[in-house]
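S.K.: Provided herewith is a single structure, encoded as structure tokens, for subsequent inquiry.
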Amino acid sequence: MNDFLRQFLIESRELVLQATEGLLLLEKSPRDAERLDTVFRAFHTLKGGAGIVEFAMMERALHSAESLLMDARSGKRTLNPALVGDCLTSLDQVSRWLDTLEQTGELPVSVGEPSNAGMAASQDWTIDLLGRHPGATGQAATAFRFTPDSGCFYKGEDPIARVSSLPQLLALEIEPAAPWPPLDEFDPYTCNIVLTGLTAASASEISAQLQSLSGESEVRALKAAEASTTPILIPDIVRKVLQEQLAVLDVKQALGAPARIASAGLTAANAMRFCGLAAHAENLARATQQSLAQNSSSLRDAIAQLLRAQTVAPDPAPAARAPGGSAAPLRTEMSARTLRVNAEQIDALVRLTGELAVAKNAVGHTAKLAQSNGDSIAGLLKDHHGVLTRLISQLQNAVIGMRVLPLRSVFQRFPRVLREMSANLGKPTELIVEGEDTEADKTIVEMLFEPLLHIVRNAVDHGVESAEQRRAQGKPAVATILLRASRAGDQVLIEVSDDGAGIDVERVRKVALDRGVASGEDLKGMADSEVIDLVFAPGFSTALHVTELSGRGVGMDAVRSAVERVGGRVSIASRLNAGTTVSFSLPYSVMMTQVMTVEAGGQMFGIPLDTVVETVSVTKEAFSGVGDARVIVHRNRTIPVIGLEGVLNAAPEKSRTETDATIVIAAVSGQLVGLHVDRPGERMEIILKPLDGLLSGTPGIAGTTVLGDGRVLLVLDVIGMLQ
């Protein structure tokens, strides 16, 4: 992606958020002329930006919405929820196009002239299809839509199987051609489906194959070159990596085959990301899943095709390498790389860097004096080291300050979400947002939306009563959901509260007993707060019915896992008929991490200190067997024990005695687990560097840091390691 498109993407994202927020406020105050002007300007600026980068589809879609808003400004139209919904639909389409641009680095392909009626651009089936599959856009050469004849089964045709076997298929969707009839009227011999998809094969080839089937087909050639014939610019070192993965896949030994496929697929995909070829990386990931599921050669074929289409490029020059020796990506992804930094913070960083250089030189000079004069200079060296430590600490804080973002970017998405949920369920609900200027690390901000979305869904679907029920209880007909953020020391606190029915503790007890989440004896001894905490158990749900929003038994356990993965904690409090509050406690920064070092299998590892409960030394007699597992009883709790060297495939230390053992007790998803280590080490504060390049995505490893003696310390992701 060139700098011009990168700036267009950044500004367009901001304008979409601004327009969305303004439209939701206008829906409540349609006579707010100043707000209407602001929304109109946002659409107008978006359209202008699309015109500058020659993105005709986006320009036409926004022109339609802009015309509606212009009529509302002049009084020709009434600004009602339907008009607001049309404008929001237009913004949804723009967001999908921006997603495609972000993932591929190129503007979405043009598929011809859409009609000019209303929001026509967003109604074009090909545009919508490309928007739903941005990872395939870079390779897609043809889009197709096939409606089989309703009596095709009587002709011995299997349309799904035939379409699934189309060459170089990238994406396939299956939908009903007409609404399904009631079950007592359902005819299993009538075909009632429409198949749409994307392929890298030519339009003529796809047309020829679909014409052999009975039904109606529409095939469109896209203005994107076919992946099989377009040269791909790959550095020589990456070409060699891909060739090595082919060698791994060519091993004809059944034992360990799934592991070889998974390893080769992850390595090849990371190699493509290194080159900035995100779409090809996604295709390799899909091919890996197909090979694992079907024991097929999909992954090998995909890698071989890349090598046939590749053009060797020179390896990145040393100047293009990132700190630490890893090569910088040739193309960066906007969501993970782009930050706008205040100029004052940059100036502070420059000043601190200068002071750091002076302090470093002072230490070097002092070291020379110490060498020539003996130990008498040790005190002076210690003083200079203290100054250096202080300056480095300030530098680290300055760098961390550059990574923080306000939570506004997450919170401002929820008015739109709540609007749709409220309308879907027929429950009028008002959202109150507080503390949206609270800042947190970029990684924290980016992971928050999904966990918060689960909580808000549950609040609206399960917690909030209907308007009639609320009136009967003396409550306002419109329910309230409060989304609040605040800062407490080095922690960011987030609360989602509702004034709904609260959690029925006795119902939770019954469901937990019926589903085997806890025994009857354990449940009797639990306080109400402990029972409520059981809603975080995997698969737990008290919903009586499955709805479009929730009730499938997933969500709350995923919330806890996601929050704990970044070093946070989640808790829940509720009062019957008064409401529920779910609280997140998250670290302000994920760069600065406190770890405890341990030795296992002759190697040193780091364990995040926020997962460590305590370290204990137990005798050999303290271990008991439960099946194939080992457990200890500590503080009246049975705790499973896992050998850390076994999980990490490291050989146990030969000098380890079996008379006693060192156990690090860690908290994982609300449960305690013991990690058997050779010996504990020290506690230290580090700047964690996530794995990148070919090692990115390695399960169980949170990142690395460099120790004072130059060794690399692997910091473990305890949750991921034990899953």
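S.K.: Apply 1/(1 + (r/R0)^6) to the Cβ-Cβ distance of ALA203 and LYS155, taking R0 = 25 Å, and write down the FRET efficiency to the nearest 0.05.
M.R.: Numbers: r = 25 Å, r/R0 = 1.01.
Rounded to the nearest 0.05, the efficiency is 0.50.
S.K.: Round to a whole number: what % of the accessible area of the stretch 372-531 belongs to carbon and sulfur, probe 1.4 Å?
M.R.: Taking all protein chains in place, the stretch 372-531 shows 51 percent carbon and sulfur surface.
S.K.: Just to verify a number: FRET efficiency for ARG507 and SER393, C-beta to C-beta distance, R0 = 51 Å, to 0.05? If you can, show how the numbers build up before the last one.
M.R.: Working: r = 51 Å, r/R0 = 1.00.
Between ARG507 and SER393 the formula returns 0.50.
S.K.: If you don't mind, there's one more thing I want to ask. I need the peptides 45-53, 471-479, 622-630 ranked by packing, meaning the mean over residues of other C-beta atoms within 10 angstrom, with the highest value on top.
M.R.: Order by mean packing, descending: 45-53, 471-479, 622-630.
S.K.: Between ASN295 and ILE377, what length in nm is gained on full extension when 0.36 nm per residue of separation is reduced by their alpha carbon distance?
M.R.: So the chain would gain 22.7 nm between ASN295 and ILE377.
S.K.: Hey, quick one: spin label on ASN2, modelled 7 Å out along Cα-Cβ, who in the stretch 67-102 has an amide N within reach, i.e. under 18 Å?
M.R.: 101-102
S.K.: Then there is this: At LEU695 and ALA262, where each label point lies 7 Å from the Cα along Cα→Cβ, what is the point-to-point distance in nanometres?
M.R.: Label-label distance for LEU695 and ALA262, simple model: 1.9 nm.
S.K.: Let me ask something additional. Determine how large the accessible area of ASP37 is when every protein chain is in place; take a 1.4 Å probe and give Å² rounded to the nearest 10.
M.R.: My reading of the accessible area for ASP37 is about 50 Å².
S.K.: If you count only protein heavy atoms and use a 1.4 Å probe, how large is the accessible surface of ASP184, to the nearest 10 Å²?
M.R.: It works out to around 130 Å².
S.K.: Moving on. Roughly what would the spin-label model give for ALA304 and LEU493, points 7 Å off Cα along C-beta, in nm?
M.R.: Distance between label points: 6.1 nm.
S.K.: Right, here's the next one. For LEU707 and SER571 in one chain, what is 0.36 nm times their gap in residues minus the Cα-Cα distance, to one decimal in nm?
M.R.: Numbers: separation 136, 0.36 × 136 = 48.96 nm, distance 3.51 nm.
In short, 45.5 nm is gained.
S.K.: Through the Karplus equation 6.51 cos²θ - 1.76 cosθ + 1.60, θ set to phi - 60°, convert the phi angles of the stretch 202-219 into ³J(HN,Hα) values in whole Hz; use x for Gly and Pro.
M.R.: Residue by residue, the stretch 202-219 yields 6, 5, 5, 5, 5, 4, 4, 6, 6, 5, 6, 9, 7, x, 10, 10, 10, 10 Hz.
S.K.: Would you mind checking which residues have amide H under 5 Å from ALA702's amide H? H placed 1.01 Å from N; only 5 or more apart, or other chain.
M.R.: Under 5 Å from the amide H of ALA702 lie the amide H atoms of VAL715, LEU716, ASP717, each far enough along the sequence or on another chain.
S.K.: How much accessible area per residue does the stretch 180-222 have, in Å², with a 1.4 Å probe?
M.R.: Per-residue value: 54 Å².
S.K.: A further question on this structure: For the stretch 391-418, list residues with backbone N below 13 Å from a point placed 7 Å from the Cα of GLU34 toward its Cβ?
M.R.: none
S.K.: Give me the accessible area of VAL399, 1.4 Å probe, in Å² rounded to the nearest 10.
M.R.: Approximately 50 Å² for this residue.
S.K.: As an exercise, use a Förster radius of 22 Å and the Cβ-Cβ distance of SER74 and GLU54 to find the FRET efficiency, rounded to the nearest 0.05.
M.R.: Using R0 = 22 Å, I get an efficiency of 0.15.
S.K.: For ASP499, list long-range residues whose amide hydrogen, built 1.01 Å from N in the peptide plane, is under 5 Å from its own amide hydrogen.
M.R.: Placed amide hydrogens put THR480 under 5 Å from ASP499.
S.K.: Starting from the 7 Å offset along Cα-to-Cβ, what nm value, one decimal, do you get for the label separation of ALA247 and HIS44?
M.R.: A separation of 6.3 nm, rounded to one decimal place.
S.K.: How do ILE663, ILE10 stack up against each other in accessible area, from largest to smallest, with a 1.4 angstrom probe?
M.R.: ILE10, ILE663
S.K.: Something else: Around ARG487, which amide H atoms from residues at least 5 apart in sequence, or from another chain, sit under 5 Å from its own amide H, with H modelled in the peptide plane?
M.R.: Here LEU493 satisfy the definition.
S.K.: Still on this structure, please answer the following. Go through the stretch 404-415 residue by residue and turn each phi into a ³J(HN,Hα) via Karplus (6.51, -1.76, 1.60, θ = phi - 60°); whole Hz please, and just put x for glycine and proline.
M.R.: The phi angles translate into 7, 9, x, 6, 4, 4, 8, 4, 6, 7, 7, x Hz.
S.K.: Related question: Can you give the extra length, in nm with one decimal, that the chain gains between GLU430 and SER214 once fully stretched, where that is 0.36 nm per residue apart less the Cα-Cα distance? List each step's numbers first, then the result.
M.R.: Values: separation 216, 0.36 × 216 = 77.76 nm, distance 5.19 nm.
Length gained, GLU430 through SER214: 72.6 nm.
The values are calculated or read from the model by the stated rules, or taken from the named source; none is laboratory data. Quantities reported herein were computed from a predicted structural model and do not represent experimental measurements. Glycine gets a Cβ as well: all are built from the backbone with ideal geometry, and neighbour counts include every protein chain shown. The accessibility values were calculated without ligands, DNA or RNA, using every heavy atom of the protein model including side chains. Shrake-Rupley method; radii C 1.70, N 1.55, O 1.52, S 1.80 Å.
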